[in-house]
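The values are calculated or read from the model by the stated rules, or taken from the named source; none is laboratory data. Please read these numbers as outputs of a predicted model, since none were measured by experiment. Using ideal geometry, Cβ is built from the backbone for each residue, glycine included, and neighbour counts are taken over all protein chains shown.
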Amino acid sequence: MKVLKFGGTSVGTVDSILNVKKIVETIDQPVIVVISALGGITDKLLNTSKIASRGDIAYQDELDEMVARHLTLIKDVVPEVEQSKVIEYVKTMLEELENIFRGLYLIKDLSQKTSDTIVSYGERLSSYIISNVIKGAKLYDSRQFIKTIKQFDKHIVDFETTNRLIKEMFDPLPDVALVPGFISSNMDSGEITNLGRGGSDYTASILAATLDASILEIWTDVDGFMTADPKVISSAYVIDKLSFIEAMELCNFGARVIYPPTIYPVYHKNIPIRIRNTFNPAAPGTFISKEHREGDKKSVIKGISSIDDTCLVTVQGLGMVGVIGVNHRIFRTLAQNGISVFLVSQASSENNTTFAVKNADADLAVKALNEEFALERAQGEISDMQAEKNLATVAIVGENMKRTPGIAGKLFGTLGRAGISVIACAQGASETNISFVIKREYLRKALNSIHDSFFLSEYKVLNIFLAGTGTVGGQLLEQIQHQQPKLMKQNGLKLNVVGIANIDRMIFRREGLDLNHYQQELETNGIETTPIQLCDEILKMNIYNSVFVDCTASDEIAGLYEVFLNKNISVVAANKIAASSSYSNYKLLKETSRKRDIKFLFETNVGAGLPIINTMNSLINSGDHILKLEGVFSGTINFIFNTISEKIPLSKAIRMAADAGYSEPDPRIDLSGKDVIRKLVVLAREAGYKPEQADVVKNLFIPDSYFKGSIENFWEQIHQLDHEFEEKRKQLAFQNKRLRFVARMENGTCEVGLMEVDSHHPFYELEGSNNIILITTERYREFPMIIKGYGAGAEVTAAGVFADIISIANIR
Ligand code: ADP
Ligand code: ASP
Ligand code: MG
């Protein structure tokens with residue numbers, strides 16, 4: 001004999017009920033089918049009661065909707081010949097319900113008894129309807145055999161009576177017995193009661209245990225018990241086997257797929273449970289039994305679950321230390337007040353005991369304990385009770401954790417890297433569960449990062465926020481879009497662009513934006529933005545494993561990095577402003593990222609996509625010491641010197657650099673050496689020195705006066721220098737020399753200026769807008785290391801930014 005339970009999710013629609021019919025009718029042994037209310041009806045009944053008891057006539061609309069839903073369903077699923085009988089009976093029940101609501105509306109008083117009566121109609125209606133859908137089904141009324149007694153405010157099953165009545169009722173056992181789940185009645189008064197929300201699972205378990213079923217099958221809307229709630233973690237996957245202990249630990253902590261009390265009756269009788277999907281009956285589901293598989297090393301933990309309704313109460317005081325009986329008094333007081341405690345933590349100093357209760361129980365717990373310890377409080381031995389509300393509890397569960405070192409380390413390390421602080425934690429000596437409490441707003445982030453860290457889900461996710469959709473940002477998005485499938489397939493990395501902002505607007509999507517249409521989306525759905533709003537939105541999303549990518553040239557955006565880093569969001573900057581700002585700010589950003597174990601990367605600040613900073617870092621990390629840096633870092637200036645000829649004077653060469661898009665929109669930023677100075681400062685700092693921009697000695701080739709007026713003035717006047725430059729060029733050409741604008745750093749002293757190089761010098765043959773750097777170190781002293789290549793251009797810069805992003809994901 002089998003017991004099958006179909007939840008509200010399995011009896012919500014016509015199609016699902018027809019699935020249930022098919023599943024049950026193909027079973028060739030006696031079966032008890034336990035049915036929940038139609039999906040969503042229990043919530044609706046409770047909600048409608050609240051509306052009516054407020055004296056709000058709007059309850060009538062809610063009721064009408066429920067009536068219509070049941071009557072329409074009958075027409076769709078019940079064979080035509082039975083329909084009028086079924087409709088008549090259901091209408092009678094619905095009229096009763098309507099009368100109760102009417103009374104409630106008039107009296108405006110909702111007692112527990114009335115609420116329990118109202119909510120019972122959900123299962124009474126659904127079981128009656130479905131008993132007329134499944135061939136040969138015999139309908140039972142669980143109120144006649146599931147008997148409860150009252151303990152505090154809860155209905156507790158009286159097993160002695162219940163077991164006896166079940167045995168009587170189901171002897172002989174019909175082929176198909178149909179039983180409403182959830183509902184019961186009080187043993188003494190006979191009043192309608194229930195087994196608590198989700199209680200149909202429990203009804204089914206009690207029946208299975210009492211009648212020695214071969215298996216309890218729980219049919220729902222997911223393929224089985226999963227590593228985490230699939231509605232929160234999209235990469236959660238089905239666990240094929242669980243032990244009773246593991247299932248108990250997981251569902252006790254919020255895995256709604258099984259109502260927690262369900263486990264014990266079948267566990268006690270060693271009857272296995274299988275979780276199955278009504279919408280995918282071919283899936284094997286999850287098998288839950290006594291057995292626990294040793295050596296299943298797929299993951300040491302089996303699942304993660306959580307409850308977001310948590311309040312921590314702390315009893316503390318130096319007067320507690322070494323005193324026997326304090327904990328006894330705490331828990332006795334809580335029990336006397338019917339308060340359930342689901343996590344306890346006490347430090348070995350015995351200075352305080354912290355426990356977790358539901359938010360609704362917090363005030364009563366504080367009051368009762370303040371009274372219990374009134375004397376100790378008056379004498380200063382114990383402080384007033386403290387309650388911290390709006391927290392969440394998370395548990396990781398698995399019998400393989402036993403005697404496996406490093407699990408707690410991995411767990412707390414993961415949380416630390418995600419910037420989540422643990423407020424309290426508990427692990428019992430059974431080592432099957434580690435629970436911890438965090439702020440509620442971090443719950444989703446915590447679940448995601450732990451899931452990613454413990455379960456080798458098919459892929460790792462990196463969430464990207466991009467500011468700036470100009471040439472570099474635009475190219476970057478194109479490259480990401482192009483590379484996404486390959487990264488997913490070959491490296492198991494999912495790059496999710498979750499936010500994009502340009503100068504006016506921003507868009508966000510937690511699941512990832514469609515990069516084909518981001519421009520239109522920015523225009524149509526984008527919200528107006530300022531840097532502060534952008535920052536607020538990003539922090540509000542509180543998303544794990546995320547990186548902020550700055551492809552702007554804005555100092556306000558650069559000013560946001562510190563906030564992001566402090567919230568454990570890595571930063572990749574093409575923008576040079578932050579790394580070349582004051583040394584103290586540079587150092588603060590670097591240290592913040594180091595402390596938080598995240599990244600602040602800006603490889604493209606110098607030489608676009610050339611691996612200059614990375615190479616220097618590798619040299620230094622392996623014990624080398626950088627003595628000297630010499631380079632040509634201005635693609636624009638180099639282009640100008642390579643272009644000047646007999647026919648092309650300086651002024652025209654500058655114009656050509658601007659037209660080709662090499663220079664900044666205002667070419668004076670390049671010509672004044674400002675850009676090169678920034679780059680040199682960044683490099684010198686990465687080499688271990690501490691220069692400020694003002695410390696760099698400048699030997700400029702265009703007099704200061706040309707930088708003072710407007711840009712128009714500049715274009716009008718710059719030709720005045722053409723002659724002088726042509727003379728110089730001719731003279732140098734005669735000596736086989738060329739001009740280069742060189743940045744140098746030697747032992748921390750920095751300078752930029754023109755240099756004449758002869759044909760043996762590595763800088764002589766530097767084509768177009770290319771960059772070059774010579775790195776002299778203790779190991780590369782006689783022959784410096786040379787890195788050379790494209791030093792400007794959106795495509796290579798975007799590629800450099802992309803490489804920084806990939807290095808955050810830590811894949812190769
Ligand atoms: P039913 O109406 O069938 O009783 P429930 O809504 O009570 O269904 O339980 C099924 C739901 O439990 C799933 O849809 C899923 O969202 C949720 N759930 C939470 N945690 C888990 C988990 N670890 N594995 C599977 N489902 C889970
Ligand atoms: N219908 C009840 C509820 O929604 C019982 C159940 O579905 O298990 O809580
Ligand atoms: Mg359920």
Strands (runs of 3 or more DSSP E) fully within the range 146-195 counting 2 or more residues that are surrounded by 14 or more Cβ atoms within 10 Å (Cβ to Cβ) and small (Gly, Ala, Ser): 183-186
Yes/no for Val222 being in a loop (DSSP other than H, G, I, E, B) and either crowded, with 20+ Cβ neighbours inside 10 Å or among the polar types (S, T, N, Q) (or both): yes
Boolean, Thr114 is over 14 Å from Ser131 (Cα atoms), among the hydroxyl-bearing types (Ser, Thr, Tyr) and out of contact with any Ser or Thr (no Cβ under 8 Å at 6 or more places or on another chain): no
Under 26 Å from Ala608 (Cβ atoms) and not charged (D, E, K, R): does that describe Leu539? no
For a quick check of your reading of the model, give me the residue pairs whose first member lies in the range 251-274 and is within 17 Å of Lys358 (Cα to Cα) and assigned to a loop (DSSP other than H, G, I, E, B), whose second is away from ligand 2 (no atom under 12 Å from the Cβ) and among the polar types (S, T, N, Q), with beta-carbon atoms closer than 6 Å and at least 6 apart or on different chains. Phe253/Ser305; Gly254/Ser305; Gly254/Ser306; Ala255/Ser305
Only listed residue being within 15 Å of ligand 1 (Cβ to nearest atom), touching an Asp or Glu at 6+ places or on another chain (Cβ under 7 Å) and not hydroxyl-bearing (Ser, Thr, Tyr), chosen from Leu63, Leu4: Leu4
Counted residues, the range 186-221 - those being in contact with a Pro (Cβ under 6 Å, 6 or more places away or on another chain), within 15 Å of Asn163 (Cα to Cα) and away from ligand 3 (no atom under 14 Å from the Cβ): 2
Let me confirm something: among Thr193, Thr210, Thr162, Thr148, which residue is closer than 28 Å to Thr278 by Cβ and within 16 Å of ligand 2 (Cβ to nearest atom)? Thr193
Residue pairs meeting the criteria (Cβ under 6 Å; at least 6 apart or on separate chains; first touching a residue at least 24 places away in the same chain (Cβ under 8 Å) and of a type outside the set (Gly, Ala, Ser), in the range 139-168; second in a loop (DSSP other than H, G, I, E, B) and surrounded by 15 or more Cβ atoms within 10 Å (Cβ to Cβ)): Lys147/Asp158; Lys147/Met187; Ile149/Asp158; Ile149/Met187; Asp158/Met187; Thr161/Met187; Thr162/Ile146; Ile166/Phe145
In the range 435-465, what residues are among the charged types (D, E, K, R), assigned to a strand (DSSP E or B) and in contact with a helix residue (DSSP H, G or I) (Cβ under 9 Å, 6 or more places away or on another chain)? Lys460
Kindly evaluate Glu528 against the criterion of being of a type outside the set (Ser, Thr, Tyr), at pLDDT 95 or above and surrounded by fewer than 17 Cβ atoms within 10 Å (Cβ to Cβ). no
Yes/no for Val232 being β-branched (Val, Ile, Thr), within 16 Å of ligand 3 (Cβ to nearest atom) and part of a loop (DSSP other than H, G, I, E, B): no
Scan the range 375-385 and give yes if some residue there is crowded, with 17+ Cβ neighbours inside 10 Å and either aromatic (Phe, Trp, Tyr) or under 20 Å from Thr310 (Cα atoms) (or both), otherwise no. yes
Which one is nearest to the chain's Cα centre (by Cα), of the residues in the range 409-434 that are outside any helix (DSSP H, G or I) and within 19 Å of Ile598 (Cβ to Cβ)? Ala418
If we only count strands (runs of 3 or more DSSP E) wholly inside the range 648-762, which ones have 1 or more residues that are aromatic (Phe, Trp, Tyr)? 737-746
Checking the conditions here, which among Leu250, Leu312 is more than 16 Å from ligand 3 (Cβ to nearest atom), of a type outside the set (Lys, Arg), out of contact with any Cys (no Cβ under 9 Å at 6 or more places or on another chain) and modelled with pLDDT of 90 or more? Leu312
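Assess whether Arg403 counts as being among the basic types (Lys, Arg), more than 29 Å from the chain's Cα centre (by Cα) and at pLDDT 90 or above.
Working: among the basic types (Lys, Arg): yes; more than 29 Å from the chain's Cα centre (by Cα): yes; at pLDDT 90 or above: no.
Criteria not met by Arg403.
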Of the residues in the range 27-51 that are within 14 Å of ligand 2 (Cβ to nearest atom), among the hydrophobic types (A, V, I, L, M, F, W, C) and part of a helix (DSSP H, G or I), the one that is farthest from Asp109 (Cα to Cα) is Ile41
For the range 330-386: of the residues being among the aromatic types (Phe, Trp, Tyr) and within 24 Å of Gly254 (Cα to Cα), which is farthest from the chain's Cα centre (by Cα)? Phe331
Residue check, Thr203 more than 24 Å from Val14 (Cβ to Cβ) and part of a strand (DSSP E or B): no
Which residues, taken from the range 4-34, are away from ligand 3 (no atom under 15 Å from the Cβ), buried (at least 24 other Cβ atoms within 10 Å of the Cβ) and under 39 Å from the mean Cα position of the chain (by Cα)? Ile17, Val33
Being closer than 27 Å to Val20 by Cα and either within 16 Å of ligand 1 (Cβ to nearest atom) or among the acidic types (Asp, Glu) (or both): is that true of Phe182 here? yes
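Working only within the range 610-625, note down all residues that are aliphatic (A, V, I, L, M) and surrounded by fewer than 19 Cβ atoms within 10 Å (Cβ to Cβ).
Scanning the range 610-625 gives a single hit, Ile620.
Identify, from the list Leu539, Leu565, the residue that is under 14 Å from the mean Cα position of the chain (by Cα) and not basic (Lys, Arg). Steps first, please.
Details: Leu565 fails: under 14 Å from the mean Cα position of the chain (by Cα).
Leu539 is the lone residue from the list that is under 14 Å from the mean Cα position of the chain (by Cα) and not basic (Lys, Arg).
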Candidate set from the range 3-26 (those that are free of Cβ contacts under 8 Å to residues at least 60 places away in the same chain and part of a loop (DSSP other than H, G, I, E, B)); member that is nearest to ligand 2 (Cβ to nearest atom): Gly12
Answer yes or no: is there a residue in the range 288-303 that is surrounded by fewer than 20 Cβ atoms within 10 Å (Cβ to Cβ) and either within 15 Å of ligand 3 (Cβ to nearest atom) or hydrophobic (A, V, I, L, M, F, W, C) (or both). yes
What are the residue pairs meeting all of these: first residue in the range 586-608, first residue more than 24 Å from Ile677 (Cα to Cα) and in contact (Cβ under 8 Å) with a residue 40 or more places away in the chain, second residue surrounded by fewer than 16 Cβ atoms within 10 Å (Cβ to Cβ) and of a type in the set (Gly, Ala, Ser), Cβ atoms under 9 Å, and 6 or more apart or on different chains? Arg596/Gly416; Asp597/Gly413; Asp597/Gly416
Counting just the residues of the range 46-66 that are hydrophobic (A, V, I, L, M, F, W, C) and more than 16 Å from ligand 3 (Cβ to nearest atom), which one comes out farthest from the chain's Cα centre (by Cα)? Ile57
In the range 464-494, which residues are buried (at least 22 other Cβ atoms within 10 Å of the Cβ) and within 25 Å of Thr414 (Cα to Cα)? Ile464, Phe465, Leu466
